[in-house]
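Here's the structure we're looking at; comments come further down.
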Protein chains: 2
Amino acid sequence: MEKTKKFLLPENQLPTHWYNIQAEMPNKPLPMLHPGTKQALKAEDLYPLFAEELANQEMNQTDIWIEIPEEVREKYKIYRPTPLVRAYSLEKALDTPAHIYFKNESVSPVGSHKLNSALAQAYYCKKQGVTNITTETGAGQWGTALAFAAKIFGLELAVYMVKISYEQKPYRRSLMQTWGAQVIPSPSMSTKAGRKVITENPTYQGSLGTAISEAIELAMSTPNCKYTLGSVLSHVSLHQTVIGIEAEKQMEMAGEYPDVVIGCFGGGSNFSGISFPFMRHNINEGKKTRFVSAEPSSCPKLTRGVFQYDFGDEAGYTPLIPMYTLGHNFAPAHIHAGGLRYHGAGTIVSQLMKDGMMEAVDIEQLDSFKAGVLFAQTEGIVPAPESAHAIAAAINEAMKAKEEGVSKTILFNLSGHGLVDMAAYDQYFAGDLINYSLTDKDIADNISKISQLAH
Amino acid sequence: MEKTKKFLLPENQLPTHWYNIQAEMPNKPLPMLHPGTKQALKAEDLYPLFAEELANQEMNQTDIWIEIPEEVREKYKIYRPTPLVRAYSLEKALDTPAHIYFKNESVSPVGSHKLNSALAQAYYCKKQGVTNITTETGAGQWGTALAFAAKIFGLELAVYMVKISYEQKPYRRSLMQTWGAQVIPSPSMSTKAGRKVITENPTYQGSLGTAISEAIELAMSTPNCKYTLGSVLSHVSLHQTVIGIEAEKQMEMAGEYPDVVIGCFGGGSNFSGISFPFMRHNINEGKKTRFVSAEPSSCPKLTRGVFQYDFGDEAGYTPLIPMYTLGHNFAPAHIHAGGLRYHGAGTIVSQLMKDGMMEAVDIEQLDSFKAGVLFAQTEGIVPAPESAHAIAAAINEAMKAKEEGVSKTILFNLSGHGLVDMAAYDQYFAGDLINYSLTDKDIADNISKISQLAH
């Protein structure tokens, strides 16, 4: 019998609801705090910054399922449901008894999973009568997605793009411009936060933390404008659960259930998206699936950070967030997986990590590219440098299965392709990329700077 | 009721056979001729150049259906069947009564339809024990596809890439290198054909014709090496019919049948692929579907060329081919749709054109980009500059339907995405692109140079 490679869901099986894990977590995430009063924030406190429905979703700890608006589902159909793929050729190259599956979010027209939340956020902003939105972008995946979403819902968008990515990834910038967005390299002189950083360090190549500060500042000072974020926050993870809900049905089509689920980890949205719908069965039915986040060794907040309150941005404009963090002024090395260069993890994931419901591994830059090239040469898809971290972690799991002589079902999220990141692969082949190690002292020194914040 | 946007076929409906229109054409294509003896070529005459099964397919005028080898079908499953998509948002933006569908070949991991033939050619070469293959590439789509195909079937590949594309599209080069191919800008000093061109015109930016000469020369002078071509030839069009065969089933799912089928036109492979399986019903059942090829105004072989015998390459290494041509030494303008910069059309398409079974339109460069941007902003996918010609032609058809107040079902082939062509879009937005006009005299002068060849 012929083997099935891709498991496809028809459009009429597109999920109708997102899964809100907050409603089912044994320990709820701690509340975000007002930095001055130290009081727990309510949804209303976020209304100045976010569309109201998004703020409500952020704080929703009661509704297990939240309906996906019809207008968003219509737009999801541009690329969803995405395929679940059995990586037969990769398995063969590794000579592993493990079965490796990946959810292929790279088929989105913007090339990554980010569109899942961009469409939702643009929709809710539009519905509320907002005309302008701002955001930041690291590698450019989120900015690209939001640019398309803003265009089809008729919103003006300004994107602060981390300077190093702005320079390394000109095609991402072009894509955003093709969809009509304004793109500003960050740090910029257009905001107080940006000017401060440039003044203190004129050659600073930018970070997500700084870009977030700039985008928030612009949103707060522009009429009828809201800020949007592509990761970290709970409502973003919520929207991404469409990935895992589809994958669950597709694994059923494949007649398997994952022993381990893997996602690369920046702020947590794609990891959450693939994991939470499966984690639900760990919580409710005692399943024993492992959930492994793969972060870069150069930005190891889950493997080497601390769990405490910290700001989400460089300038301290955000509420205090209970998170695993390296400190909000952590300046990560200039690795090519720009989307993973963020100092903290979202509140849900941080709580799950604290409660031992998930694991974290760190991946060196060179190992991620090695895994990416092997994947490209076997499965055909050149992965985004971010996604290559998940592939590297999946390969490690598959090799462990081989050593132990056990079969194992591995599912990872291919969050995006790397066709717009080929300059990074060029540098890898030229031998110009290196690993970045952090000493325990580097990490402790940076964390000590936030020790005065609430615990 | 919810509208279906994407029509998906499950893997088990992947076509089992390619459609060989040669066996059903009312007038068969004229034979290729040996340039010295002027004798009609037989399949065996092509064995030195091509894998035997490919040469046999090239000349096969009897078998209507040719079985797709199991190994090729297995690899097709990486991305096939591809979606058929209803372009609701584009229709709405045009306010047209026409129904517009596109076959989305951009979901292939290499970003275009070219993989359909690359996998077949690499497979047949491997099967015959060939170890090395050569080819040329214009925009880089074909070279990219063949690089992946060569890698998974274990062949060494050398690609001559048209110099202007080599410089304009560095990411394509990187992709080929990621899949292990050697890439040489053409004209190069590595072949006699290349050296001659460089000597006569040191600043020449290259053409497909020259790159073909170089790839053939390398193949002929390398042991156990075959040449492969990504378009023009009949066996390439044969492999591409997998597109139209799928589309036929998918249009049936949509409950419609196309009034007009459109493909952009370089050498003819993607146009043939989407068209021939539908043209079959014109031939056998008297259906009246129109077939429209969209070529660039700067390289108008079908709309302004002549039908006569000509060489397929610059140096005259190929047999004499009966084709619509602008002359084999035609030097096309440096438009960004590099895949459409070829002087001639394949023998099948040329005969169909001569017999009035298809039409051709030409599209100006700026109109193609305008159409491409509208498509990106409505349907989300940034099209390859080549594919944007098909979109422009589809838009023209849709606007005609609107003027005439009639409904019409339009199907076009989205042969590839433009994520690796963003530099071209940048130039378009910057106002740096222009249209290129050819005077009748330009064309007549060039054609006169081939008047001594067989008619």
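Every number in this text was worked out from the coordinates using simple rules, so none of it is lab data. In this text the structure is predicted, and so the values were computed from the model without any measurement. Note: ideal-geometry Cβ built from the backbone for every residue, glycine included; neighbour counts use all protein chains shown.
Remark: chain B projects, on average over all directions, an area of 20.2 nm² (convex hull of Cα atoms). The stretch B:380-401 and the stretch A:284-337 have Cα centres spaced 45 Å apart. Taking the fewest neighbouring Cβ atoms within 10 Å as the starting point, the ordered list for B:117, A:89, B:190 is B:190, A:89, B:117.
A dipole drawn for the protein assembly as shown from +1 and -1 charges on Cβ atoms has a positive end, and of A:54, B:108, B:435 the residue lying farthest that way is B:435. With the Kirkwood sum run over all distinct C-alpha pairs, the protein assembly as shown has a hydrodynamic radius of 28.1 Å. Taking Cα centre as origin and charging only the Cβ of basic (Lys, Arg, +1) and acidic (Asp, Glu, -1) residues, the dipole magnitude of chain B rounds to 360 debye.
Can you give the longest stretch of chain A with no exposed loop site, where a site means GluC sites (Glu not before Pro) in a DSSP loop (not H, G, I, E or B) with at most 16 other C-beta atoms within 10 Å? Maximal segment without exposed cleavage sites: A:25-255. Is the stretch A:285-383 best put as rounded, prolate or oblate by its Cα gyration tensor, with a ≥ b ≥ c the root eigenvalues, rounded for a/c under 1.5, and otherwise prolate when a/b is larger than b/c, oblate when not? Oblate, because a/c is 1.5 or more while a/b does not exceed b/c.
Please label the shape of the stretch A:158-238 as rounded, prolate or oblate, based on the square roots a ≥ b ≥ c of the eigenvalues of the alpha-carbon gyration tensor (a/c under 1.5 means rounded; beyond that, a/b larger than b/c means prolate, else oblate). Rounded is the answer for the stretch A:158-238, as its axis ratio a/c remains below 1.5. Applying 1/(1 + (r/R0)^6) with r as the Cβ-Cβ distance of residue B:287 and residue B:436 and R0 = 60 angstrom yields a FRET efficiency of 0.95. For chain A, the residue among A:239, A:405, A:31 whose Cα projects farthest onto the positive side of the dipole built from Cβ charges is A:239. In the assembly of identical copies, residue B:252 has its label point, taken 7 Å from Cα in the direction of the beta carbon, separated from the corresponding points by 2.9 nm (ascending, one decimal).
Within a 10 angstrom radius of the beta carbon, how do B:378, A:135 rank from fewest other beta carbons to most?
Exposure proxy ranking, most exposed first: B:378, A:135.
FRET efficiency for the residue A:93 to residue A:429 pair, using the beta carbon distance and R₀ = 22 Å, is estimated at 0.70.
For the stretch B:350-455, the gyration tensor built on C-alpha atoms gives an oblate shape. Its axis ratio a/c (a ≥ b ≥ c) is at least 1.5, and a/b is not larger than b/c. Considering only A:282, A:216, A:194, the residue lying farthest towards the positive end of the dipole of the stretch A:169-288 is A:194, judged by Cα position with unit charges set on Cβ. Each of B:309, B:436, B:166 has some number of other Cβ atoms within 10 Å of its Cβ, and from fewest to most they run B:436, B:309, B:166.
Centroid-to-centroid, using Cα positions, the stretch B:65-125 and the stretch B:171-217 are 28 Å apart. Mean silhouette area of the stretch B:339-392, derived from the convex hull of its C-alpha atoms and averaged over all directions, reads 4.3 nm².
For the segment A:173-179, counting C-beta atoms of other chains within 10 Å of every residue's C-beta and taking the mean gives 6.
If only the Cβ of Lys and Arg carry +1 and only the Cβ of Asp and Glu carry -1, the dipole of the stretch A:137-255 around its Cα centre is close to 360 debye. For residue A:169, the lysines whose Cα falls under 22 Å of its own Cα, not counting residues fewer than eight places away in the same chain, are A:114, A:151, A:370, B:169. Taking a span of 15 Å or more along the helix axis (Cα atoms) and a mean Kyte-Doolittle hydropathy of at least 0.0 as the rule, the DSSP H helices of chain B that qualify are B:141-153, B:208-220, B:365-379. Distances between every pair of Cα atoms in the stretch A:64-127, grouped in 5 Å steps from 0 to the bin holding the largest one, split as 4, 15, 20, 17, 14, 10, 8, 7, 4, 1, 0 percent. Summary: within chain A, the longest segment free of trypsin sites (Lys or Arg not before Pro) located in DSSP loops with at most 11 other C-beta atoms within 10 Å is A:39-287.
Charge dipole of the stretch A:371-416 (Cα centre as origin; +1 on each Lys and Arg Cβ, -1 on each Asp and Glu Cβ, all else neutral): 60 debye, rounded to the nearest 20.
Inter-chain Cβ neighbour count for B:72-81, averaged per residue, equals 4 (cutoff 10 Å, partner chain atoms only).
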